[in-house]
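The values are calculated or read from the model by the stated rules, or taken from the named source; none is laboratory data. Keep in mind that this is a model prediction, so the values were computed, not measured. Neighbour counts run over all protein chains shown; Cβ positions are idealised from the backbone, glycine included.
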Amino acid sequence: ARQQRIRNFSIIAHIDHGKSTLADRILETTRSLPEREMKDQMLDAMDLERERGITIKLNSVHLKYTHTDGEEYTFHLIDTPGHVDFSYEVSRSLAACEGALLIVDASQGIEAQTLANVYLAVDNDLEIIPVINKVDLPSAEPEKIKQEIEDVIGIDASEAVYASAKSGLGTDEILSQIVEKIPAPTGDPEDPLQALIFDSLYDTYRGVIAYIRVKEGTIRPGEKIRMMQTGKEFEVSEVGVFTPKPVVSDELTVGDVGFMIASIKNVSDSRVGDTITHAHKPAENPLPGYKTMNPMVFCGMHPIDSSDYNALRDALERLELNDSSLQYEAESSQALGFGFRCGFLGLLHMEILQERIEREYGIGLITTAPSVVYNVYLTDGEVLEIDNPSNMPDQQKVDTVEEPFVKATIMVPNDFVGAVMEICQKKRGEFIDMQYMDENRVNIVYNLPLTEIVYDFFDQLKSNTKGYASFDYEFIGYRESNLVKMDILLNGEIVDALSVIVHRDSAYERGKSIVEKLKDLIPRQQFEVPVQATIGNNVIARSNIKAMRKNVLSKCYGGDVTRKRKLLEKQKEGKRRMKSVGKVDVPQEAFMSVLRMD
Ligand code: GTP
């Protein structure tokens, strides 16, 4: 039967190990694209993804492959995003597959992200095909990596494919292992429909396009369907597959991977992980593994030019259509005026959104330092969830505060173990485990407060390990900590957008560092400006910005006109990014300065 000749798989890889390049080789070899249509890195669709070299949104491609047994097989290659913020999406796209290619760079070995995603694949009972890529590199050590895969992941790597996605070496072997090792989908086309939504995106003309994998039953245009988790009902208008161009078909049945359109207006009605069934003959149970994603990191986003407020609201509305894990609500800050408090899955998710708003919608933003969500227990028994430090009640009213913790996995060469442990200790980490992966690489596990990761962790890790560390984390729960709110005063007034919640033990050091930073970042004004850090009524750090009027042109002797113009333009550009707080002009960087230590 046709079902016996379907293979659904994903590619698991750490960033830069060659996932996109290998996907391109597979597309080429199966001749899914005429050569001139073949753009480099077909699967990474968005500009931003290409620029950052990371995959944000998943996609799927339908391929035809003729095996050496003479039979034609249908492959569905499902792409997965490669960053910790999106691990739920990764887990759902893996749940749509029966197998996965595990790509490991022959010169780098297993990295934190590889491991995290392999565990997701193992949890989903996938058949894993190890591929050791970049064997063309002089520094490649494929035998050693093979051993590492067996030792660290604990799967059989004896038939691992040695590949070079760059030259195409190994591609044929990979395709034939896909046929031979990955099981065909099981399920019955006549059973009640169960189709997994593993991605969904919003199209201006068509509404929501759901990417689905049919597990049981058959779905056809004209049918009435129900989303089992949200209970919403719709009528299917179209189904089809991506070749990678969308091609409409009569039906999608057991094992098929493709798209479904049903005049759905909002991606939140077509949630990743939800199960589609028929309204008239529903399945008994939804597919397992559904979760609603809660934002973990919040920040304030305010237009530099307050007349952009409506444009910013429109931009967020449109972005939310495509991103059910983005949250926002209006807020007003004394310092920054009207804007929005926005919630994200993690730091990368936040950066991507900020960049899209500035770039695609042309709105200049002032963003506040990101904050996690605190559980605050008041002495009168009330419990608050605080995602904005300036909303923290007075210290006297607070009984205890809990903060989110994560389990962090860090992989580094031996030489950096000391440096990594020092960072983790300084960041209030709790040592959990350390494991040698081979004679010179170590896997270190710590429990850490999420707020410490938000606060300068990546940068410190990178600079102290010469960029060799790889890092991954997962949320493990809330714990009580000795936390206090620290306010920053400019010219005697609290600047709400600069308040932070800090651990009492590091408050003094943080306060001093923020005050010094602000002193350097805020240009001199026509009067002296005191900068203070306070906890309750206690000033814990203080500095002064001296009064002075700066004339940038006084430095240009004589007539170099272009230089003068450049300086004036630079000054103008700088001004655009300023916000007046009370009587003080504060540049955008100042609002992020609470984030970095150095
Ligand atoms: P993300 O999309 O960021 O997750 O990265 P990726 O895993 O898709 O990696 P990508 O395919 O973009 O490859 C990363 C870099 O490695 C690129 O510069 C590729 O040209 C290079 N590369 C990929 N495969 C090979 C290979 O077999 N040999 C060599 N020498 N370089 C390769």
Tell me, yes or no, whether the range 22-36 has at least one residue that is modelled with pLDDT of 90 or more, small (Gly, Ala, Ser) and either part of a strand (DSSP E or B) or more than 8 Å from the ligand (Cβ to nearest atom) (or both). no
Here are the criteria: (1) touching a residue at least 40 places away in the same chain (Cβ under 8 Å); (2) of a type outside the set (A, V, I, L, M, F, W, C); (3) within 23 Å of Asp24 (Cα to Cα). Tell me which single one Glu148 does not satisfy. (3)
Hey, does the range 198-205 have a residue that's more than 16 Å from the ligand (Cβ to nearest atom), surrounded by 16 or more Cβ atoms within 10 Å (Cβ to Cβ), at pLDDT below 95 and among the polar types (S, T, N, Q)? yes
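Looking only at the range 1-21, filter to residues that are away from the ligand (no atom under 13 Å from the Cβ) and surrounded by fewer than 20 Cβ atoms within 10 Å (Cβ to Cβ); which one of those is farthest from the chain's Cα centre (by Cα)?
Of everything passing the filter in the range 1-21, Ala1 is farthest from the chain's Cα centre (by Cα).
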Are there strands (runs of 3 or more DSSP E) fully within the range 321-438 with at least 1 residues that are among the aromatic types (Phe, Trp, Tyr) and closer than 30 Å to Leu201 by Cβ? List them. 327-333, 337-344
Could you tell me whether the range 242-255 includes any residue that is more than 16 Å from the ligand (Cβ to nearest atom), touching a Ser or Thr at 6+ places or on another chain (Cβ under 6 Å) and farther than 21 Å from Ser20 by Cβ? yes
Evaluation of Val594 against (1) at pLDDT 80 or above; (2) in a helix (DSSP H, G or I) (one fails), failing number: (1)
Lone qualifier among Val406, Val412, Val376, Val401 - being without any contact (Cβ under 8 Å) to a residue 40 or more places away in the chain and not small (Gly, Ala, Ser): Val376
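Considering only the range 304-313, how many residues are touching a residue at least 40 places away in the same chain (Cβ under 8 Å) and in a helix (DSSP H, G or I)?
Of the residues in that region, 3 qualify.
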Considering the range 458-474 alone, what residues qualify as being surrounded by 14 or more Cβ atoms within 10 Å (Cβ to Cβ) and part of a strand (DSSP E or B)? Ser470, Phe471, Asp472, Tyr473
Specify which of the listed residues (Leu384, Leu347, Leu336) is of a type in the set (A, V, I, L, M) and without any contact (Cβ under 8 Å) to a residue 40 or more places away in the chain. Leu384
Subset of the range 264-280, residues closer than 18 Å to Asn8 by Cβ and in a strand (DSSP E or B), comes to Thr275, Ile276
Kindly provide the set of residues from the range 151-196 that are small (Gly, Ala, Ser) and touching a residue at least 24 places away in the same chain (Cβ under 8 Å), ordered by number. Ala157, Ala160, Ala163, Ser164, Ala165, Ser167, Gly168, Gly170, Ser176, Ala184, Gly187, Ala195
Residues located in the range 262-295, provided they are in contact with a strand residue (DSSP E or B) (Cβ under 7 Å, 6 or more places away or on another chain) and closer than 30 Å to Ser499 by Cα: Pro295
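Here's the yes/no breakdown for (1) of a type in the set (D, E, K, R); (2) touching a helix residue (DSSP H, G or I) at 6+ places or on another chain (Cβ under 7 Å); (3) closer than 24 Å to Asn391 by Cβ:
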| position | (1), (2), (3) |
| --- | --- |
| Leu287 | no, no, no |
| Lys291 | yes, yes, no |
| His302 | no, no, yes |
| Ser306 | no, no, yes |
| Leu326 | no, yes, yes |
| Glu351 | yes, no, yes |
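Each row is one residue, and each column tells you yes or no for (1) in contact (Cβ under 8 Å) with a residue 40 or more places away in the chain; (2) over 22 Å from Ile149 (Cβ atoms); (3) among the hydrophobic types (A, V, I, L, M, F, W, C).
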position: Thr66; (1), (2), (3): no, yes, no
position: Thr80; (1), (2), (3): yes, no, no
position: Ser87; (1), (2), (3): yes, no, no
position: Leu94; (1), (2), (3): yes, no, yes
position: Leu101; (1), (2), (3): yes, no, yes
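Table: residues versus (1) among the hydroxyl-bearing types (Ser, Thr, Tyr); (2) modelled with pLDDT of 90 or more.
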{"site": "Ala262", "(1), (2)": "no, yes"}
{"site": "Arg271", "(1), (2)": "no, no"}
{"site": "Glu284", "(1), (2)": "no, yes"}
{"site": "Tyr290", "(1), (2)": "yes, no"}
{"site": "Gly300", "(1), (2)": "no, yes"}
{"site": "Ala311", "(1), (2)": "no, yes"}
Give the range 1-17 a look and list any residue that's of a type in the set (Gly, Ala, Ser) and either part of a strand (DSSP E or B) or under 20 Å from Glu127 (Cα atoms) (or both), or say none. Ser10, Ala13
Could you tell me whether the range 519-529 includes any residue that is modelled with pLDDT of 85 or more, surrounded by 20 or more Cβ atoms within 10 Å (Cβ to Cβ), out of contact with any His (no Cβ under 8 Å at 6 or more places or on another chain) and outside any helix (DSSP H, G or I)? yes
For the range 97-125, which residues satisfy the criterion of being of a type in the set (A, V, I, L, M, F, W, C), modelled with pLDDT under 85 and within 23 Å of Val135 (Cβ to Cβ)? Ala112, Leu115
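Looking at the range 267-290, which of its residues are farther than 17 Å from Ala210 by Cα and not polar (S, T, N, Q)?
Scanning the range 267-290 gives Ala279, His280, Lys281, Pro282, Ala283, Glu284, Pro288, Gly289.
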For Leu489: the one exception among (1) crowded, with 17+ Cβ neighbours inside 10 Å; (2) among the hydrophobic types (A, V, I, L, M, F, W, C); (3) assigned to a strand (DSSP E or B); (4) at pLDDT 95 or above: (4)
Can you pull out the strands (runs of 3 or more DSSP E) entirely within the range 214-263 that have at least 3 residues that are in contact with a Phe, Trp or Tyr (Cβ under 9 Å, 6 or more places away or on another chain) and closer than 15 Å to Ala279 by Cβ? 224-227
